Amino acid sequence: MTQVDTQPLRRRTQAARREQSDRRMLRAAAYLIGRRGLHATTLAEIGVRAGYSSGLPVVRYGSKFGLVDTLLAAMDRWCETTVASMTGGRRGLDALKARAEAYIIGARTIPDGAAALQTIIVEARYAFPELQPRIDAFLERWRLGFRDDLLDARRLGEVRSDLDCDAYANLILGAIRGMTIGRFGEDLREVQRELPPLLCEMVRQALALPSA
């Protein structure tokens, strides 16, 4: 094999190594941020915890903002993939229930990521305002997902035609965030089992179709 022949393989190997180092650094970032807070966590500590040099995160992400932005993007992709998998083929309130369960599963099965996200949401509001637009967009996508499920439920006749889908989407997202804050791992198993059906029942009872 010539040097020219080996170049594509070398590039693939380099890409794989970079992908692996990204995963390890993002996991390290989530672990440290969830336990120590965003302000108290340094890029150097993240690099060392990930098993690399203290300077690699600076080279890769440029700043703490760059790393956190990348971490949030990775969380967003995971959420979208998981939600799409769980809601596929479902409609209306059935899709809403699956969507709610998907978000709780994330907090239960990836506790470091959930703790980091909750920390980032709080600190973005008070200490890192440059992150607020990313957080707002992140949460708005969650809210819009619930709103769209409610709109579909309204079209399907599962709820009354005067349902305020935006208001109830806010309520549902708030309930999920409130029930999961500070709770991770197996502590959320009961929440995962009970909250999604309760949310759907709340919508049904509050806006039930009038009896004939």
- So Gly66, is it touching an Asp or Glu at 6+ places or on another chain (Cβ under 7 Å) and more than 23 Å from Thr180 (Cβ to Cβ): no
- Query: Can you tell which of Pro111, Pro129 is surrounded by fewer than 17 Cβ atoms within 10 Å (Cβ to Cβ) and either farther than 22 Å from Leu198 by Cα or in contact with a Phe, Trp or Tyr (Cβ under 8 Å, 6 or more places away or on another chain) (or both)?
  - Reply: Pro129
- Query: Does region 81-88 contain at least one residue that is under 25 Å from Glu19 (Cβ atoms), outside any helix (DSSP H, G or I) and among the small types (Gly, Ala, Ser)?
  - Reply: no
- Message: Six or more apart or on different chains, Cβ atoms under 7 Å: show the pairs whose first residue is in region 142-155 and closer than 16 Å to Asn170 by Cα and whose second is in a helix (DSSP H, G or I) and polar (S, T, N, Q).
- Response: Arg143/Asn170
- Item | The listed residue being within 28 Å of Glu140 (Cα to Cα), touching a residue at least 60 places away in the same chain (Cβ under 8 Å) and crowded, with 21+ Cβ neighbours inside 10 Å, out of Leu96, Leu67 | Leu96
- Item | Sole exception among (1) over 20 Å from Gly34 (Cα atoms); (2) of a type outside the set (Ser, Thr, Tyr); (3) within 14 Å of the chain's Cα centre (by Cα); (4) buried (at least 18 other Cβ atoms within 10 Å of the Cβ) for Glu140, by number | (4)
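Yes or no, residue by residue, for (1) surrounded by 12 or more Cβ atoms within 10 Å (Cβ to Cβ); (2) farther than 21 Å from Pro129 by Cα:
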residue: Ala15; (1), (2): no, yes
residue: Ala29; (1), (2): yes, no
residue: Arg35; (1), (2): yes, no
residue: Thr42; (1), (2): yes, no
residue: Arg49; (1), (2): yes, yes
residue: Tyr52; (1), (2): yes, yes
residue: Val59; (1), (2): no, yes
residue: Ala74; (1), (2): yes, no
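None of the figures in this text is laboratory data; all of them are computed from the coordinates on show. None of the values given here were measured: they were computed from a predicted structure. Here Cβ is always computed from backbone atoms with ideal geometry, including for glycine, and neighbour counts include all displayed protein chains.
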